[in-house]
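Reviewing the structure listed below.
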Amino acid sequence: MGNFSIALSGLQASTTALNTIGNNLANINTTAYKEMRTTFEDLFYQQIGSTGSGDPLQTGAGVRVNGTASDFTQGTDLPTQNSTDMALTGNGFFVVQENGTQQLTRAGDFQLSLSGELQSSDGSPVMGYPAKDGLPDNNAGLGTINLPVGATQQAQATQNIGITANLDASATVGTQATTPVKIYDSLGKSYDTTITYTKTASNQWSYSIAMPTDAATGIPTANATGTLAFDSDGNLTSPTGAITGIGFSGLTDGASDLSFNLSFFDSNGNPTLSQTTAASSNGSTLQDGYASGTYTGFTVDSSGVVTADFDNNNKQVVGQVAVATVANTDGLQRVGNNNYITTTASGDAVVGVAGTGGRATIEDSALEQSNVDISTEFANLIVAQRSFEANSKTITTFDSVTQAALALVR
């Protein structure tokens with residue numbers, strides 16, 4: 001009988017709703033879980049006649065589940081103390097490689113493998129862009145991101161020095177001023193080098209660079225001395241660019257001969273060495289050498305750039321975490337492990353850099369929480385329960401009516 005099938009369709013639909021609500025409550029603490037909701041639609045209708053005015057007389061055939069939509073609103077970001085944890089703020093997904101298949105996830109509870117590969121909590125590699133010449137190469141294909149766990153970074157000899165200072169224009173001829181600079185050789189040994197300025201005439205100084213006594217055989221081989229000239233406004237007029245090829249040979253630790261450039265200009269070509277009547281003083285001093293160092297950890301910036309840290313205070317860019325978007329998030333298919341795959345309904349994943357093209361930014365040492373609202377789910381649970389009970393009551397009522405009808409013919 002049709003009346004039984006109507007009630008049964010209601011029971012089935014209510015069961016699906018209860019399952020969805022139960023799944024939401026079960027995943028209330030799941031990282032970046034997105035709440036689901038069940039929607040319904042009525043089934044076809046049978047026309048059994050019409051009224052005198054021509055209005056149709058119809059009986060329904062029941063209900064069915066129309067869809068299980070997902071709510072992709074942002075969950076709360078919870079700070080953690082773990083640099084492998086990442087949270088997306090905005091629209092987008094991390095990209096992981098699951099058994100050779102590209103999948104998407106909002107869950108950033110990542111970890112490092114024994115070899116230093118960045119992985120999801122179920123062991124799937126997190127995909128991103130490799131580093132080239134110290135910067136992410138966004139034109140390269142996606143690949144795994146590997147941290148130099150347990151590695152030692154080779155020392156780098158100083159190659160460039162940048163000086164910011166002022167020389168006293170009112171000083172008498174013969175007055176000296178100094179700038180201390182710590183530099184490194186190819187073996188990572190540091191030297192407290194000194195640049196000495198000596199006033200030789202009005203608006204003119206000489207400079208000389210000397211190694212400390214613990215590098216007694218560090219003999220200057222080129223450009224360790226020279227002349228500095230200023231105009232009447234105290235602007236440096238000579239040299240007009242970096243002093244290149246300053247060399248020192250015969251270092252006592254057996255390192256390669258030093259050769260570096262000295263600049264009194266910033267990256268825009270503006271002089272950083274001035275001459276005014278203020279007392280001679282030093283500002284910032286920059287140099288690019290460093291001692292060897294051991295990997296200590298990593299950080300991730302808002303655009304997903306992964307930078308490894310070493311105990312020599314040096315940093316190294318190792319890659320950039322990729323972020324993907326899809327045209328229709330409701331079209332994504334859940335496959336478990338907090339992952340999604342694209343479908344025809346969702347459209348293909350468009351992978352790019354975090355913070356560009358409408359993609360989310362990345363917050364390091366944080367995790368996105370589930371967006372399930374427990375009070376809303378309890379309210380929905382009561383409604384679904386009442387719906388199930390009502391349909392159950394419909395069946396028992398139909399059964400009683402049927403039994404009464406059968407009794408009429410006995």
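I'd like to verify a number: residues in segment 328-349 that are in a loop (DSSP other than H, G, I, E, B) and either within 19 Å of T73 (Cα to Cα) or not charged (D, E, K, R) (or both), how many? Qualifying residue count, segment 328-349: 11.
Return yes or no: is D133 more than 17 Å from the chain's Cα centre (by Cα), surrounded by fewer than 18 Cβ atoms within 10 Å (Cβ to Cβ) and under 29 Å from T73 (Cα atoms)? Answer is no for this residue.
For segment 78-98, which residues satisfy the criterion of being without any contact (Cβ under 8 Å) to a residue 60 or more places away in the chain and out of contact with any Ser or Thr (no Cβ under 8 Å at 6 or more places or on another chain)?
Selection gives T84 alone.
Just checking, does segment 120-137 include any residue being without any contact (Cβ under 8 Å) to a residue 60 or more places away in the chain, out of contact with any Asp or Glu (no Cβ under 8 Å at 6 or more places or on another chain) and not acidic (D, E)? Yes, the conditions are met somewhere in segment 120-137. Evaluation of A384 against the conditions (1) touching a helix residue (DSSP H, G or I) at 6+ places or on another chain (Cβ under 6 Å); (2) among the hydrophobic types (A, V, I, L, M, F, W, C); (3) buried (at least 17 other Cβ atoms within 10 Å of the Cβ); (4) in the same structural domain as R106 (by TED's automatic domain parsing) shows that the sole unmet condition is (4). Here the condition is being within 30 Å of N282 (Cα to Cα) and among the small types (G, A, S); of A155, A131, A140, it holds for A155 alone.
Return yes when G75 is over 30 Å from S249 (Cβ atoms) and either crowded, with 17+ Cβ neighbours inside 10 Å or touching a residue at least 12 places away in the same chain (Cβ under 8 Å) (or both) and no when it is not. Here the answer is yes, as G75 does meet what is asked.
Only one entry of A13, A32 meets the criterion of being in contact (Cβ under 8 Å) with a residue 24 or more places away in the chain, in contact with a strand residue (DSSP E or B) (Cβ under 7 Å, 6 or more places away or on another chain) and on the phi > 0 side of the Ramachandran plot, and that entry is A32. Scanning segment 42-71 for residues that are hydrophobic (A, V, I, L, M, F, W, C) and either exposed (fewer than 12 other Cβ atoms within 10 Å of the Cβ) or within 20 Å of A7 (Cα to Cα) (or both) returns L43, F44, I48, L57, A61, V63, V65.
The values are calculated or read from the model by the stated rules, or taken from the named source; none is laboratory data. Bear in mind the structure is a predicted one, so any value in this text is a computation, not a measurement. Glycine gets a Cβ as well: all are built from the backbone with ideal geometry, and neighbour counts include every protein chain shown.
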